[in-house]
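In what follows, a structure is listed as structure tokens, so that the remarks can point back to it.
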There are 2 protein chains.
Amino acid sequence: MSGHQETPPGTPEVTRLLAQWVVDLEGKDIPADVRREGLRTFVNWVGCAVGGARHETVDAALRAVIPLSGKPSATVLGRPERLDPAHAALLNGITSHVLDYDDTHLKTIIHPAGPVASALLALAENRPMSGEDFLTALIVGVEVECRIGNAVYPHHYDRGWHITGTAGVFGAAAAVGKAIGLDCQRLQWAFGLAASQSSGLREMFGTMTKSFHPGRAAQNGMMSALLAEAGFDSSERAIEAPRGFASVMSDKQDWSEILGDLGQRWEAALNSYKPFACGIVIHPAIEGCQKIREQIGARVADIASVHLTTHPLVLELTGKRTPRTGLEGKFSVFHSAAVALLHGDGAPTAFTDEMVNDAAVVDLRDRIHATADSSCHEASVTVEVTFKDGSTMTQHIERAIGSRDVPLTDAQIDHKFTVQSALVIGEAATEKLLQLAWRSPELSDIAEIARCSSEGAVSA
Amino acid sequence: MSGHQETPPGTPEVTRLLAQWVVDLEGKDIPADVRREGLRTFVNWVGCAVGGARHETVDAALRAVIPLSGKPSATVLGRPERLDPAHAALLNGITSHVLDYDDTHLKTIIHPAGPVASALLALAENRPMSGEDFLTALIVGVEVECRIGNAVYPHHYDRGWHITGTAGVFGAAAAVGKAIGLDCQRLQWAFGLAASQSSGLREMFGTMTKSFHPGRAAQNGMMSALLAEAGFDSSERAIEAPRGFASVMSDKQDWSEILGDLGQRWEAALNSYKPFACGIVIHPAIEGCQKIREQIGARVADIASVHLTTHPLVLELTGKRTPRTGLEGKFSVFHSAAVALLHGDGAPTAFTDEMVNDAAVVDLRDRIHATADSSCHEASVTVEVTFKDGSTMTQHIERAIGSRDVPLTDAQIDHKFTVQSALVIGEAATEKLLQLAWRSPELSDIAEIARCSSEGAVSA
């Protein structure tokens with residue numbers, strides 16, 4: 001049966017024009033500030049991938065995948081296991097997202113690096129490429145997924161799609177397609193294959209399958225490009241066709257978000273990096289509590305109660321009063337605030353099963369309350385502490401760290417990298433890897449990063 | 001961010017109840033006529049998989065996949081290449097659908113065997129199982145995908161989803177999950193993983209990516225079951241949740257289609273087998289023209305013109321007047337009728353590039369006309385032939401072969417199997433394979449079928 005339908009008059013050739021832009025782009029066309037943000041995106045991703053490498057989700061995935069893997073020619077970052085590049089892409093996409101600690105394109109809530117960098121670095125271990133070429137392809141992939149996300153957000157996300165998976169597969173296809181030098185038609189096919197694998201439901205949040213989404217997007221995007229390279233054809237208008245990605249999976253299709261100002265407006269420059277290992281809406285509260293702690297020191301033991309005034313989304317998404325597991329703790333602003341006050345912590349160590357069930361944390365948590373205030377900005381919070389002697393202290397955060405207005409500094413990215421990576425591969429290997437990652441633009445073989453990440457790795 | 005939403009009151013626990021049924025079912029619970037149809041489904045699928053094995057689509061897929069494949073422990077039917085079981089599932093899903101000649105669940109237009117049998121037979125080459133157990137799992141998988149398809153059809157299909165891919169992944173997960181003995185909770189996780197990989201757009205019809213869909217559904221469904229087995233968790237209500245498969249991907253959700261009369265009403269018994277290698281709507285016209293040919297013999301040279309009276313869908317879906325390629329020929333009722341009149345052929349040989357451009361075929365094709373008649377049943381046609389001497393002949397088909405009312409006989413399945421398989425692996429190997437396939441219920445190791453299919457295979 002035919003699936004072909006004419007596109008409505010006036011619809012631009014979105015898939016072809018986007019593919020042509022990817023093909024034509026040269027590294028020197030990317031402005032220096034965008035390249036710098038691409039490097040920060042990559043460094044942050046490496047830290048997250050290593051940081052998540054020992055999670056039980058990764059162990060489970062490896063148990064299933066190892067018996068099926070081809071030649072072990074690509075690294076699972078931060079682990080001793082090696083897999084074929086497609087399975088390594090899957091695993092690194094899982095590890096880098098499993099702690100909910102990765103990067104965020106705030107306009108779409110896409111976590112851009114997972115699908116793209118996971119595919120690209122695994123490929124680079126088999127088809128050597130320089131750090132410069134790698135970063136060019138990485139930035140192109142991030143740009144493609146974020147633009148496609150913009151074109152359908154928020155309607156697509158509201159319908160229930162996990163946009164990191166659904167848009168991410170296009171980013172991975174673009175990055176790998178760029179790296180292997182697909183021509184325009186084959187890149188259109190790769191986008192077609194990506195569109196026909198675009199998937200991932202928000203229903204899976206709170207389960208291992210959430211981090212499966214960026215992993216599978218990386219693997220599927222890579223396969224889309226490799227199949228197209230081998231002559232496997234597909235629709236050449238998969239994004240804009242009446243039965244293409246945007247119309248089937250969204251009520252909104254804004255083609256100008258994809259095609260407008262290509263090469264001038266850079267979504268890849270708008271990437272942000274989570275300072276804390278949980279949903280971004282909790283971040284202001286954590287920062288506010290950390291600032292209180294810096295001021296009161298040991299008086300934290302004298303806290304009688306805490307009151308948070310937050311944006312309504314905070315309670316809607318993270319209003320869990322009695323989390324039982326580390327994962328549930330990520331969805332509890334009360335737990336997160338308690339740990340920040342007691343330990344100053346917002347790293348993955350704040351969201352372990354042990355920490356969530358720690359008696360002191362639970363005791364303080366139950367004395368933390370919150371009010372939703374629709375006049376409160378998403379990046380703001382007011383924390384009011386009442387001490388046992390009746391005195392009070394107030395801390396207001398106008399724009400939290402990690403928000404668009406207060407991006408993480410390089411030093412803060414270093415700190416985040418170190419804190420999580422050292423737990424997995426130790427401090428010495430972490431320091432070496434971090435320095436190497438910043439030196440990516442100078443490397444003649446970017447795969448050095450992948451190999452370095454597993455030097456300090458031990459079997460689970 | 002949380003994706004969790006409560007299910008509306010009154011929503012049954014669809015995923016859990018379906019999984020529990022799969023887990024509890026024993027082979028002896030399946031009525032004899034349903035088991036028999038399961039065997040016919042399998043025999044027909046083996047013939048189609050071998051028949052499609054040398055298609056250029058398969059060559060392209062193999063070029064991309066071989067470098068990534070794990071241990072070559074599973075067969076690409078009808079070919080000498082062996083792959084790891086997940087990639088073999090992908091390839092056999094492609095081969096068995098690539099000629100548009102496979103089976104059809106007429107209520108949903110799902111082609112059920114591709115996703116399910118491709119996954120299951122590749123698995124069986126690595127985890128030995130008897131023919132009886134294989135057929136039980138096959139029937140369970142077909143039942144699951146068709147019931148899930150019924151629950152969302154036609155709204156889901158109308159939105160642009162290729163339902164063989166989107167529903168097929170659940171069938172593959174169910175079949176593999178049954179075969180490896182998942183418990184209820186793990187099968188629910190497998191359904192969750194399947195839901196998060198459910199994909200495939202109708203926009204891809206007419207390209208290689210169409211047959212990629214059942215292949216990827218087979219591979220993804222297998223991976224869903226294997227990941228769940230390894231402890232990779234997922235939503236346990238992925239089908240019915242507000243952000244689950246049915247609500248995100250369809251405007252219709254009829255849970256009774258999934259849960260009603262489980263074990264009593266068998267969708268797997270309603271499978272049908274295409275007598276001709278093209279879209280099912282053309283089948284009445286081909287049969288009508290074949291019947292004319294049987295009556296007129298050499299007088300076919302005296303035909304002045306032909307007039308077809310058909311259901312409107314025939315011209316809507318297959319109204320292509322001047323096809324240029326074999327694939328386009330499948331979407332031309334005019335080409336199909338011409339070849340049936342000249343050669344009596346509706347097999348894959350009728351839809352080659354050569355046949356589509358054959359001078360005699362083109363000459364007759366241009367003298368064939370058609371009228372859409374909304375009072376004409378989808379399985380009916382009237383063919384009127386006018387000869388050069390002015391005389392006429394009329395052939396009416398009330399219900400075409402292959403329709404619900406006129407199922408293919410076993411002998412017709414044999415003929416279909418032989419015609420396509422012999423072109424790929426030769427007549428002797430075909431005869432041996434066909435006999436072995438019918439003997440599946442007696443086999444202690446069903447993988448014998450896979451091995452036998454490649455005995456006569458040669459490299460492309």
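For the chain pair B and A, the buried solvent-accessible surface (1.4 Å probe, both sides summed) amounts to about 5600 Å². Across all directions, the average projected area of the convex hull around the alpha carbons of chain A is 21.7 nm². Evaluating 6.51 cos²θ - 1.76 cosθ + 1.60 at θ = phi - 60° for every residue in the stretch B:444-458, the Karplus couplings come out as 7, 9, 5, 4, 3, 4, 4, 4, 4, 5, 9, 5, x, 7, 10 Hz, glycine and proline recorded as x.
Of the trypsin sites (Lys or Arg not before Pro) found in the stretch A:359-460, the ones in coil according to DSSP and having at most 16 other Cβ atoms within 10 Å of their Cβ are A:R367, A:K388, A:R399, A:R404, A:R439.
Computed log10 I(q)/I(0) for the stretch A:215-316 at 0.18 Å⁻¹: -1.13, from the Debye equation with unit scatterers placed on every C-alpha and solvent omitted. Compare each residue of the stretch A:235-256 in its chain alone against the assembly with all protein chains, and report those whose accessible area goes down by 30 Å² or more; 1.4 Å probe, heavy atoms. So the qualifying set is A:S235, A:R243, A:V248. How far is helix B:427-438 tilted, in degrees, relative to the longest principal axis of the Cα atoms in chain B, given as a value from 0 to 90 rounded to the nearest 10? The two axes meet at around 50 degrees.
In the context of the full set of protein chains, residues of the stretch B:402-460 present 48 Å² of accessible surface per residue (probe radius 1.4 Å, heavy atoms only).
With Cβ to Cβ distances under 14 Å as the rule, what net charge do the other residues near B:A88 carry (K, R +1; D, E -1)?
Computed value for this residue: +3.
Comparing the full protein assembly with the isolated chain, the residues of the stretch B:1-44 losing at least 10 square angstrom of accessible surface (1.4 Å probe) are B:M1, B:S2, B:G3, B:H4. What number, in percent, do you get for the relative contact order of the stretch B:310-376 if the mean sequence gap of Cα pairs under 8 Å and at least 6 apart is divided by its residue count? Relative contact order comes out at 41 percent. Over the stretch B:280-397, the pair-distance histogram of Cα-Cα distances with 10 Å bins from zero comes to 16, 52, 30, 2 percent, rounded to whole numbers. Between the amide H of B:S199 and those of B:T166, distances stay under 5 Å, these residues lying 5 or more places away or on another chain, with hydrogens modeled in the peptide plane. Remark on A:G70: its backbone amide H falls under 5 Å from those of A:D84, B:G70, a criterion applied only to residues 5 or more positions apart or on other chains, H modelled at 1.01 Å from N. For chain A, the longest principal axis of the alpha carbon atoms and the long axis of helix A:56-65 meet at an angle near 30°.
Put simply, the amide H of A:Y273, placed in the peptide plane, has neighbours under 5 Å in A:T104, A:L408, leaving out anything fewer than 5 places away on its chain. 3J(HN,Hα) along the stretch B:31-46, derived from phi through the Karplus expression 6.51 cos²θ - 1.76 cosθ + 1.60 where θ = phi - 60°, amounts to x, 4, 5, 6, 4, 5, 5, x, 5, 4, 4, 5, 4, 4, 5, 4 Hz, with x in place of Gly and Pro. Modelled this way, with points 7 Å down the Cα-to-C-beta line, the labels at B:R404 and A:A304 are 7.4 nm from one another. Can you tell which of A:P275, A:A298, A:T207 lies farthest toward the positive end of the dipole of the stretch A:200-311, using +1 and -1 charges on the Cβ of basic and acidic side chains (Lys, Arg; Asp, Glu)? Sorting the options by dipole projection puts first A:A298. The orientation-averaged projection of the convex hull spanning the C-alpha atoms of the protein assembly as shown amounts to 37.5 square nanometres.
Panel values: the stretch A:109-242, Kirkwood radius from alpha carbon pairs, Stokes-Einstein at 4 °C and 1.567 mPa s, translational diffusion coefficient 91 µm²/s. Once C-alpha pairs closer than 8 Å and six or more residues apart are averaged by separation and normalised to the residue number of the stretch A:280-397, the relative contact order reads 40 percent.
Report for the stretch A:280-397 the percent antiparallel among DSSP-assigned beta bridges with both residues inside it, nearest 5.
70 percent
Residues in the stretch B:280-397 average 41 Å² of solvent-accessible surface per residue, probe 1.4 Å, ligands and nucleic acids excluded. The lysine pair count for chain B, using Cα distances under 27 Å and pairs eight or more places apart or on different chains, is 29. Using a probe radius of 1.4 angstrom, the carbon and sulfur fraction of the accessible surface of chain A is 50%. The smallest convex shape that holds all Cα atoms of the stretch A:400-460, its convex hull, gives 106 Å³ per residue.
The values are calculated or read from the model by the stated rules, or taken from the named source; none is laboratory data. If you're wondering where the values come from, they're calculated on a predicted model, not measured in any experiment. Positions of Cβ are backbone-derived with ideal geometry, glycine not excepted, and every protein chain shown enters the neighbour counts. Only protein heavy atoms, including side chains, enter the accessible area calculation; ligands, DNA and RNA are left aside. Shrake-Rupley method; radii C 1.70, N 1.55, O 1.52, S 1.80 Å.
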